[in-house]
């Protein structure tokens, strides 16, 4: 019996979460039977175009997913839901977002892959907003009132029609994860980066795909065997891009950033591009990372919103934390020197070997820093310094060391964290300084 049948049979009384994906064209009224318990409602993957005006009867509802439906207007009914703080309407046909559709407690808004040309000024009055995802729309500007959203930490505005970034964006005190590639103002730096990159094209016929290693929003990664021109066979990883806009932006922007990043001990080496795929799919051939490397953490949860989720037993020494932090800072310094903002510097995008060796991966949110505007590039880079401060904070919280020794060893990391988290972006250190500090710190810490 599927979830809808169970709902109509009264078998879901007291449920806190309900997932319905069964071709719905109308909102099932039986959902209101769960009004006193329901907190998470996922109606993604249906054929809905409206929600009932009395949706606010779901007075405990905190999270609403309505992605991949047929909405053309963000329903005003959601704005009257008293506890609603996470709203996702990705991949609909939404053109209109009215002030009345914005819940007062809004903290996380996903409107990726729609047809939105403008947003209401009232969005700037939702001052709890931490995460705003708008990639793949038709925005030509952002409301100036968003400058009031001083809690905003993650912003995705890639693949729109913006001619410039607003000046107030650089002053947001908590902004840490920013993606803006695929807008008119970022096309020239991206094209320049691509034209200056020289890597071999690897013919598809020389690649034999094996098991799938992973899948993200932008593509699928397979282990593969590469029959090289010298007759040797090399085990590699092949990432095949999906082509559609993702929550971060266009896959071609990710591909360009990967190619432009260059060789670095803490970046996964790109061996070449895929040529001659039978479906003309873009792809990259990457160095196969040893299986001992695993993700440092999991992505944010509904509750943590912008902060990664670590395993309960995640612990390490101060030296291991410093070594890992140095490697990532060194990689980020190279990216910035090459005009690339990673945009997603998170523990869940770091592979590590539990000894401190690490790779910074996933360039899906990468953007190209404006080369002509030095001050703007520096302030944009400062957002990434805050992301690094969050990473340091998480590493420090999990250091396993005797109390006295731990305090002494952690002091330089703690001071650096404080600087990176400064609410004045101009006061944060650049990554070349961060890496230099961490290089000295590693040498002074004993395990």
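Any read-out appearing in this document is the output of simple, stated calculations on the displayed coordinates, not a laboratory observation. Everything numeric here is computed off the predicted structure, so don't read it as measured data. When we count neighbours, we look across all protein chains shown, and the Cβ atoms used for this are built from the backbone with ideal geometry, even at glycine.
Odds and ends about this structure:
- Pairs of Cα atoms nearer than 8 Å and 6+ residues apart set the relative contact order; for the range 34-186 it is 15 percent.
- Relative contact order for the range 137-204: 32 percent, from Cα pairs under 8 Å spaced at least 6 residues apart, divided by residue count.
- Over the range 294-444, relative contact order from alpha-carbon pairs under 8 Å, at least 6 apart, %: 29 percent
- Counting only DSSP beta bridges whose two residues both lie in the chain, roughly 55 percent are antiparallel.
- Choice from 231, 361, 272 with maximal GNM fluctuation in the chain (Cα, 10 Å cutoff): 231
- Value at 222 nm in deg cm²/dmol, rounded to 500, when DSSP H runs of n ≥ 4 in the chain each add -39,500 (n - 2.57): -7500 deg cm²/dmol
- With both residues required to sit in the range 3-152, DSSP beta bridges show an antiparallel share near 0%.
- Distance between the pseudo-spin-label points of residue 311 and residue 150 (7 Å out from Cα toward the beta carbon): 4.0 nm.
- Exposure proxy order (Cβ contacts within 10 Å, fewest to most) of 315, 280: 280, 315
- Distance from the range 95-164 to the range 178-208 (C-alpha centre basis), Å: 28 Å
- Computed over the chain, the P(r) tail beyond 32 angstrom holds 44 percent of alpha carbon pairs.
- Among 435, 179, 366, residue whose mean-square fluctuation peaks in a GNM of the chain (springs only between Cα atoms under 10 Å): 435
- 0 to 90° range, to nearest 10: angle between helix 318-337 axis and the chain longest Cα axis: 90 degrees
- Of 149, 305, 22, the one that fluctuates the most in a GNM where the chain has Cα springs shorter than 10 Å: 22
- Extension gain, residue 3 to residue 414, is 143.1 nm, computed as 0.36 nm per intervening residue step minus the present C-alpha separation.
- Kirkwood hydrodynamic radius of the range 125-179, Cα pairs, Å: 11.3 Å
- Residues of the range 186-203 with amide N under 14 Å of a point placed 7 Å along Cα→Cβ from residue 376: 186-190
- With respect to the chain, whose longest principal axis is taken over its alpha-carbon atoms, helix 403-420 is tilted by about 70°.
- In this structure, residue 280 and residue 433 have a Cβ-Cβ separation that, at R0 = 41 Å, corresponds to a calculated FRET efficiency of about 0.40.
- Inverse mean reciprocal Cα-Cα distance (Kirkwood Rh) of the range 191-287, Å: 13.8 Å
- Cα-based equivalent ellipsoid of the range 3-152: semi-axis lengths in Å, sorted from largest, via gyration tensor: 27, 17, 11
- Relative to the dominant Cα principal axis of the chain, helix 431-444 is inclined by about 60°.
- For the pair the range 1-44 / the range 312-335, the C-alpha centres are spaced 44 Å from each other.
- Scattering from the range 294-444 was approximated by placing one identical point on each alpha carbon and applying the Debye formula without solvent; log10 I(q)/I(0) at 0.14, 0.15, 0.19 1/Å stands at -0.65, -0.74, -1.19.
- Length gained when the stretch residue 302-residue 72 is fully extended (0.36 nm per residue, less Cα-Cα span): 80.2 nm
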